[in-house]
Ligand code: HEM
Ligand code: HEM
Ligand SMILES: [Fe+2]
């Protein structure tokens, strides 16, 4: 399979951009590990509340868990763009020197933010805390000084992408990415200003959270899937890009007004019940399209393999391909199915804010984003080590099996605990104060929390295998150079 990136990824055209990509991926992998460790801390605190008492409280460790999640994914996304830009545009990324400088600004800012979260943790309820400790907006808690830094880095990144896209070849993938990244970066601004009214604050906060994961990030994943399928199985660009445009239309079509499913109970007007119900119920459709997209291209390629009669594998990066495959399933199940479950107001009245939400949060973030970004890391490792055909190794299979098995296990455990909360706390006890505690006192709820911890350890074991595989790829003789 002729793949440009395999010719000379680190000496030819685009080598600087690819090097920057590997930096982004490396820091992303480190933060992914930190995310999992803090996840384990809070999972232990659920079953043994005195754990690390007054050293790292639940609220702080939880903040680190989910902020690390968002930031590692953003790092891996920037890395993915810097990786694919030279392949798609045929030129070196314009302004790459500034891109590299901004990378370090980003890393230093994130490290300072994490240290402040860890050692200062909380401050008085005033402007100083918002500026220098954290803003208290779930997932995007970074203090304001870091917000401004992130905006500068994001603008630099968008500028790199645009200047390169305009100067080089403009494929469909690049056009979609250019439009999408403006929206992606622009939405961040909606989460930056402060109002005293919690309804107004939440109203805008959801613009970032929902419109990121259910619109702009999903479009991004569509573009990565398109790129990956071309690289890994030599899928036809015409077909892949046709799918991409369909997905973009559907994702924005349902995702934008699907925002309404977060406006049911926060003090927004009641017409959001109908809008949220209708449009968010349509959201699984593009996810089905994305699923079919991967299956269809893979199926066509299988046909090609038998026509060739060579019997040779047409996949030039087996671990990456498996992770992309997991993405197709995970996105559909985590976002589509687990999202659809609780998206109608009639159902959400009972499930809102229970462990069911957490089940959906874990399976969707992992299924839709972690999977494909790990796949992109594998593509970069293949390029970095100049491997022509990258095979599965024992570690790569253990990594996939344990992380996917662990997250699916956590999801099942959380779904069971959430069911108890819905049944006992909400349906039987009518969402009363004592109902809240009766639900959590149920043995089913408690066992769900135990299993979440056990499955969390399994997930972490998978991560260790993943890192081992990343670090040993270069020396592993199974790959064909
Ligand atoms: C990859 C895409 C998605 C991701 C990463 C994601 C992630 C999340 C997360 C983390 C939450 C919890 C937010 C919080 O802390 O309050 C949430 C809530 C929610 N999500 Fe998703 N989601 C995705 C797609 C979807 C889709 C497609 C649907 C509907 C079809 C959906 C329906 C919901 C609903 C209704 C809630 C509110 C839950 C509640 O009331 O407690 N999500 N999502
Ligand atoms: C070692 C494995 C993990 C453990 C033990 C773990 C544990 C936890 C715990 C205890 C919470 C707090 C839930 C609450 O406030 O009730 C949480 C929240 C969260 N975690 Fe994890 N987690 C792990 C891995 C992951 C992974 C791999 C992802 C996604 C890629 C993820 C995404 C999230 C999200 C989005 C939330 C917020 C959910 C919400 O607001 O409903 N976690 N996690
Ligand atoms: Fe949403």
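The values are calculated or read from the model by the stated rules, or taken from the named source; none is laboratory data. This is a predicted model, so every value here is computed, not measured. For neighbour counting, all protein chains shown are included, and Cβ atoms are generated from backbone atoms with ideal geometry for every residue, glycine included.
Being touching a helix residue (DSSP H, G or I) at 6+ places or on another chain (Cβ under 9 Å), over 20 Å from residue 233 (Cα atoms) and crowded, with 18+ Cβ neighbours inside 10 Å: is that true of residue 383 here? Taking the combined requirement at face value, the residue does not satisfy it.
In summary, residue 407 fulfils each of the numbered conditions (1) over 24 Å from residue 317 (Cα atoms); (2) away from ligand 3 (no atom under 16 Å from the Cβ); (3) in contact with a helix residue (DSSP H, G or I) (Cβ under 7 Å, 6 or more places away or on another chain) with the single exception of condition (1).
Taking residue 434 as the residue in question, decide whether it is over 17 Å from the mean Cα position of the chain (by Cα), buried (at least 22 other Cβ atoms within 10 Å of the Cβ) and more than 16 Å from ligand 3 (Cβ to nearest atom). In short, no. Screening residue 367 against (1) within 14 Å of ligand 2 (Cβ to nearest atom); (2) in contact (Cβ under 8 Å) with a residue 24 or more places away in the chain; (3) more than 23 Å from residue 235 (Cβ to Cβ) leaves a single unmet condition, (3). Being surrounded by fewer than 21 Cβ atoms within 10 Å (Cβ to Cβ), within 13 Å of ligand 3 (Cβ to nearest atom), under 21 Å from the mean Cα position of the chain (by Cα) and closer than 16 Å to residue 335 by Cα is a condition met by no residue of region 265-281. Under the condition of being more than 16 Å from ligand 1 (Cβ to nearest atom) and crowded, with 24+ Cβ neighbours inside 10 Å, the residues counted in region 53-79 number 3. From the list 37, 5, the one residue that fits, being part of a helix (DSSP H, G or I), under 26 Å from the mean Cα position of the chain (by Cα) and at pLDDT 95 or above, is 37. Condition (residue is part of a helix (DSSP H, G or I), more than 21 Å from the chain's Cα centre (by Cα), modelled with pLDDT under 95 and more than 16 Å from ligand 1 (Cβ to nearest atom)) applied to region 384-393: is it met by at least one residue? Yes, because at least one residue in region 384-393 is part of a helix (DSSP H, G or I), more than 21 Å from the chain's Cα centre (by Cα), modelled with pLDDT under 95 and more than 16 Å from ligand 1 (Cβ to nearest atom).
Residues in region 91-130 that are on the phi > 0 side of the Ramachandran plot and either modelled with pLDDT under 95 or part of a helix (DSSP H, G or I) (or both): 121 only. I'd like to know if region 15-27 contains one or more residues that are modelled with pLDDT under 95, over 25 Å from the mean Cα position of the chain (by Cα) and farther than 17 Å from residue 449 by Cα. The answer is yes, given that some residue of region 15-27 is modelled with pLDDT under 95, over 25 Å from the mean Cα position of the chain (by Cα) and farther than 17 Å from residue 449 by Cα.
Only one residue in 316, 385, 392, 348 is over 25 Å from residue 443 (Cβ atoms) and within 16 Å of ligand 2 (Cβ to nearest atom). Which one?
Answer to the check: 348.
Residues that are over 27 Å from residue 465 (Cα atoms), surrounded by fewer than 16 Cβ atoms within 10 Å (Cβ to Cβ) and within 14 Å of ligand 2 (Cβ to nearest atom) are absent from region 111-120 altogether.
Apart from one condition, residue 403 fits all of (1) surrounded by fewer than 19 Cβ atoms within 10 Å (Cβ to Cβ); (2) in contact (Cβ under 8 Å) with a residue 40 or more places away in the chain; (3) in a helix (DSSP H, G or I); the exception is (1). Here is the figure for region 292-324: residues that are surrounded by 18 or more Cβ atoms within 10 Å (Cβ to Cβ), at pLDDT 90 or above and in a helix (DSSP H, G or I) total 7. Of everything in region 128-138 that is surrounded by fewer than 17 Cβ atoms within 10 Å (Cβ to Cβ) and in contact with a helix residue (DSSP H, G or I) (Cβ under 9 Å, 6 or more places away or on another chain), the residue that is nearest to residue 30 (Cα to Cα) is 138. In this structure, does residue 271 turn out to be out of contact with any strand residue (DSSP E or B) (no Cβ under 7 Å at 6 or more places or on another chain), under 26 Å from residue 349 (Cα atoms) and more than 16 Å from ligand 2 (Cβ to nearest atom)? Considered against the rule, which asks whether it is out of contact with any strand residue (DSSP E or B) (no Cβ under 7 Å at 6 or more places or on another chain), under 26 Å from residue 349 (Cα atoms) and more than 16 Å from ligand 2 (Cβ to nearest atom), residue 271 comes out as yes.
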